[in-house]
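Working notes, structure below.
Each reported figure results from applying straightforward, stated rules to the coordinates on display, with no laboratory input. Because the structure is predicted, anything quoted here is derived from the model rather than measured. Here the Cβ is made from the backbone with ideal geometry for all residues, glycine too, and neighbour counts use every protein chain on show.
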C-alpha cells in the first residue's frame with residue numbers, strides 16, 4: 001500500500017516558538033493532502049486541506065495565520081504552528097490522497113506529537 | 001451534513017470470543033464507509049472499506065464489516081478476538097461525488113476503544 005511519512009514523530013518546544021511538521025507521500029504523488037488534529041481520547045478533526053500549488057482551505061474555526069500550510073510539491077506538505085502555545089499541544093496527523101483513474105483513497109501518516117511547554 | 005456515531009466508548013471482550021464494534025452513519029446518497037485502527041501514539045491504519053457491492057466486506061487482520069442500508073449501520077466484526085487487537089477503532093464516512101473545492105471530506109466517529117482480555 002501507499003506510504004505516508006511525517007517528520008518529526010514528536011517535538012517539544014517552548015511557548016512562542018514556531019514548529020514545522022512535514023508530511024511526505026513516499027511512493028505516490030498526492031495532489032491533495034489533509035491535516036488533522038487529535039486531542040486525547042477524541043476523534044480526528046480536519047484542520048485544513050492543501051492542494052498542490054494553491055492555497056490551503058481551512059475548516060471553520062482554524063486560524064490560518066497560526067497554522068500555516070504549504071503544499072509545494074506533489075509529495076510534500078508542511079504544517080507550521082506559529083507562536084505555539086500550550087493549548088496547541090496535540091497529535092497532528094496528515095493524510096494524502098492517491099488518485100489513479102477511478103481509484104481514490106486517503107492514506108494516513110503516523111502522526112506528530114507536539115508538546116508546547 | 002454527514003455524521004458518524006460510535007455509541008460505545010469502550011468494548012471489552014475475552015480473547016477468543018467474537019467481537020463487534022458498532023457504527024451508524026448519516027450521509028446524503030450512497031455512502032463510502034471505512035474502518036481504521038489506531039495504536040497508541042500512532043497514525044491510523046486502514047482496515048477495510050465499503051463502496052458498493054457485497055454488503056459483507058472483508059479486511060485486514062481477519063476483520064470484516066457488514067453494511068446495512070436500512071439500519072444505516074456498518075458494524076465491525078471479528079470471529080475470534082486477539083489480545084493484539086486491543087486498540088482504538090474509528091469508523092468513517094464519505095459522501096459520493098465531489099463538492100466545491102474538488103475534494104470529498106471524510107468524517108470520523110469519536111472512536112471505540114477495544115480491550116481484549118487474555
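Any idea what diffusion coefficient region A:15-81 gets from Stokes-Einstein, in µm²/s, Kirkwood Rh on alpha carbon pairs, 37 °C, 0.692 mPa s? It would help to have the intermediate numbers written out before the result.
On the way: Rh = 12.5 Å.
Approximately 263 µm²/s, per Stokes-Einstein.
Name the most mobile residue of B:79, B:40, B:18, meaning the one with the largest mean-square fluctuation, in a Gaussian network model of chain B with Cα contacts below 10 Å.
So, out of B:79, B:40, B:18, the one fluctuating most is B:40.
Of the listed peptides A:76-85, A:38-47, what is their order by residue-averaged count of other C-beta atoms within 10 Å, with the highest listed first?
Numbers: A:76-85: 18.9, A:38-47: 16.7.
For the peptides A:76-85, A:38-47, the packing ranking is A:76-85, A:38-47.
Counting every Cα pair in the protein assembly as shown, what percent are over 23 Å apart? Write down the numbers at each step before the final one.
Working: 13614 of 27495 pairs.
So the portion of pairs separated by more than 23 Å is 50 percent.
Which percent, nearest 5, of DSSP beta bridges in chain B are antiparallel? If you can, show how the numbers build up before the last one.
Details: 34 of 39 bridges.
For chain B, the DSSP antiparallel bridge percentage is about 85.
Count, for each residue of A:36-49, the Cβ atoms from other chains sitting within 10 Å of its Cβ, then give me the mean as a whole number. Before the final figure, lay out the partial values.
Values: counts 4, 0, 7, 0, 0, 5, 3, 11, 12, 1, 4, 0, 0, 4.
Taking the mean over all residues of the peptide, I get 4.
Report the rotationally averaged projected area of region A:55-117 based on its alpha-carbon convex hull, in square nanometres. Provide the component values of the computation, followed by the final result.
Values: hull surface 21.5 nm².
Value for region A:55-117: 5.4 nm².
Which three extents, in whole angstrom, do the alpha-carbon atoms of chain A cover along their principal axes, largest first?
Over chain A, Cα extents along the principal axes are 45, 26, 22 Å.
So what are region A:1-40's ellipsoid semi-axes, whole angstrom, largest first, if each one is the square root of 5 times an eigenvalue of the alpha-carbon gyration tensor? Present the calculation step by step, with values, prior to reporting the outcome.
Numbers: eigenvalues 117, 26, 21 Å².
Equivalent ellipsoid of region A:1-40: 24, 11, 10 Å, largest first.
Pull up the DSSP beta bridges for the protein assembly as shown and report the antiparallel fraction as a percent, rounded to 5.
Details: 74 of 83 bridges.
DSSP beta bridges in the protein assembly as shown are roughly 90 percent antiparallel.
In nm², what is the average projected area of the convex hull enclosing the Cα atoms of chain B? Write down the numbers at each step before the final one.
Working: hull surface 30.1 nm².
Mean orientational projected area (chain B, Cα hull): 7.5 nm².
Which length gain, in nm to one decimal place, applies between residue A:5 and residue A:82 when the Cα-Cα distance is subtracted from 0.36 nm times their residue separation? Working shown, then result.
Working: separation 77, 0.36 × 77 = 27.72 nm, distance 2.17 nm.
Here the answer is 25.6 nm.
Using Cα springs under 10 Å in a Gaussian network model of chain A, which residue among A:90, A:73, A:54 shows the largest mean-square fluctuation?
Maximum among the listed residues: A:54.
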